[in-house]
Amino acid sequence: MNCHESRELIFLMREGELTADESGRLRNHLRTCAECTALQTEAVQLMKHLNRIRSVEPALSDPETLTSEILSAAALEQQKRSHSGFPKNILNVFSTRPLRLVYSTFVLGAAALFVIQQLETAQSVDSLERRMMIRQGGRTGIQMEYAVPANIMNVFPRSREAQSYLYDTGAQQKNGTIVLNAGTIARAMDLVGDVVFRSLNIPSYETGRKSLETIMEQLQQATRVRVTINPKE
Amino acid sequence: MNPRSTRVSDKEIVNLMNAACRGDSSAFAAVVRATQGLAFSLAFRFLSDEEDAKDVVQEAFVNVWKHLADFDPSKKFTTWLYAIVSNLSVDSLRSRKRRRTLLAAGSENRTDPIDPADIESIHANAELAAIIRRLTGDLPPTQKLVFTLRDLQDCSIAEVAEVTGLSVGSVKTNLHLARKRMKELLTPYEHMKEHPA
């Protein structure tokens, strides 16, 4: 074994990482090579540090709350699935050729519309993020958290990413009003729709601009802060 | 696999999963209680953030619930769970990095040497997260995942391969590269200890 080969194996020293043959050849090489032996000493030291880090088990604070959140989210998923099924015999309506044509045209049209809407939303969110970057300069997400009332946390109890979208728009808070951005709120809804709507006691939702007015109203009630949509969006 | 967080045997988990598949939601709740600690531990060690880790764990179990019928009882449940948590953690990390790049507030890629004394003094989640973040912050996601599964979660090489879908050879290569990088971060302090100025 040469030094190059030895250095490929030297960091693999935990049980099951080297074959018996590789271990034997590495041992033989180390007997004759001071440089590789020095590297191996460093590798052994590294493994001691890693053992120490591994011995610290991350503490899960309040596991029962996490369990309930998981079970609620799973139950919501179950509800969604049980409500979304089409009755099988409805498909018989489309059994004749002319109706199949109408149906296919409708599906294709709806798909095209959906793609266009998604592209518009994506562009809107991207441009918003670029503007945020310019406006906020070096400010971090943590600092932005102070820009909105604390009770908005109750509306978004889980996803931090969704919260940060709201915090970002919350930076526009003026005279007791939070000005929310249509593209941003739609993105936040996509991220935590179920959790948010459960918190607001809304049985179901559709993302997109049609439902934004309802969302605003519910957010306003939940946060007791006046909420408006950015007219520029 | 790390047995510290679960008190229910693999066989019992399989029985509970079979019951959950038949619609027994209390069996699913028992699976969650028995394994959420393991899932959290992996997500926390990979993401170095408690809240992000909880988000990933919640999403992972919803995925388990949605795909109960896909569970293969001949395989370990924890391996399946780890695969789901790993994928979601990698997605979460990418999303976090993308946002930090946009906001020009990136602090993820810290490459300063690490004082081993900081490792010895880890007691709470915050200290653990800080050390892991500094050790693994600049690793590519695959190296980071392999390192987390093997060196922090204590999975065997075969389990890491199964969770990640990599070959055993590729797991070893990624592990070697990750540990080599860790050594570079820790060695300057070791040398200072041996040869004080």
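Here are the numbers:
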item: In the stretch B:134-192, residue modelled with the lowest pLDDT [restricted to those that are closer than 19 Å to B:Ser89 by Cβ and of a type in the set (Val, Ile, Thr)]; result: B:Thr136
item: Pair list, Cβ < 8 Å and 6+ apart or interchain, from the stretch B:36-53 residues that are facing chain A (nearest Cβ under 7 Å) to residues that are β-branched (Val, Ile, Thr) and in a helix (DSSP H, G or I); result: B:Gln36/A:Thr67; B:Gln36/A:Ile70; B:Gln36/B:Val57; B:Phe40/B:Val57; B:Arg45/B:Ile132; B:Arg45/B:Thr148
item: Any hit, the stretch A:14-24, residues being crowded, with 16+ Cβ neighbours inside 10 Å, facing another protein chain (nearest Cβ under 9 Å) and modelled with pLDDT under 85; result: yes
item: Residue in the stretch A:75-86 that is modelled with pLDDT of 85 or more and either more than 14 Å from chain B (Cβ to nearest Cβ) or not in a loop (DSSP other than H, G, I, E, B) (or both) present; result: no
item: Complete set of residues in the stretch B:62-81 that are within 14 Å of chain A (Cβ to nearest Cβ) and small (Gly, Ala, Ser); result: B:Ala69
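Matching residues to (1) modelled with pLDDT of 85 or more; (2) of a type in the set (Gly, Ala, Ser):
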{"residue": "B:Leu42", "(1), (2)": "yes, no"}
{"residue": "B:Ser48", "(1), (2)": "yes, yes"}
{"residue": "B:Val56", "(1), (2)": "yes, no"}
{"residue": "B:Phe61", "(1), (2)": "yes, no"}
{"residue": "B:Asp91", "(1), (2)": "yes, no"}
{"residue": "B:Arg94", "(1), (2)": "no, no"}
{"residue": "B:Lys97", "(1), (2)": "no, no"}
{"residue": "B:Arg100", "(1), (2)": "no, no"}
{"residue": "B:Ile114", "(1), (2)": "no, no"}
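One line per residue, one yes/no per condition, for (1) surrounded by fewer than 16 Cβ atoms within 10 Å (Cβ to Cβ); (2) closer than 28 Å to B:Thr136 by Cβ; (3) at the interface with another protein chain (Cβ under 7 Å from one of its Cβ atoms):
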site: A:Leu26; (1), (2), (3): no, yes, no
site: A:Glu35; (1), (2), (3): yes, yes, no
site: A:Ala38; (1), (2), (3): yes, yes, no
site: A:Thr41; (1), (2), (3): yes, yes, no
site: A:Lys48; (1), (2), (3): yes, yes, no
site: A:Ala59; (1), (2), (3): yes, yes, yes
site: A:Glu64; (1), (2), (3): yes, no, no
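Listed here are the residues, each with its yes/no results for (1) surrounded by fewer than 23 Cβ atoms within 10 Å (Cβ to Cβ); (2) closer than 20 Å to A:Gln78 by Cβ; (3) acidic (Asp, Glu).
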{"site": "B:Asp10", "(1), (2), (3)": "yes, no, yes"}
{"site": "B:Asn15", "(1), (2), (3)": "yes, no, no"}
{"site": "B:Arg33", "(1), (2), (3)": "yes, yes, no"}
{"site": "B:Ala43", "(1), (2), (3)": "no, no, no"}
{"site": "B:Phe61", "(1), (2), (3)": "no, yes, no"}
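The values are calculated or read from the model by the stated rules, or taken from the named source; none is laboratory data. What you see is a predicted model; the values in this text were computed from it and never measured. Every residue, glycine among them, receives a Cβ derived from its backbone with ideal geometry; neighbour counts consider all protein chains shown.
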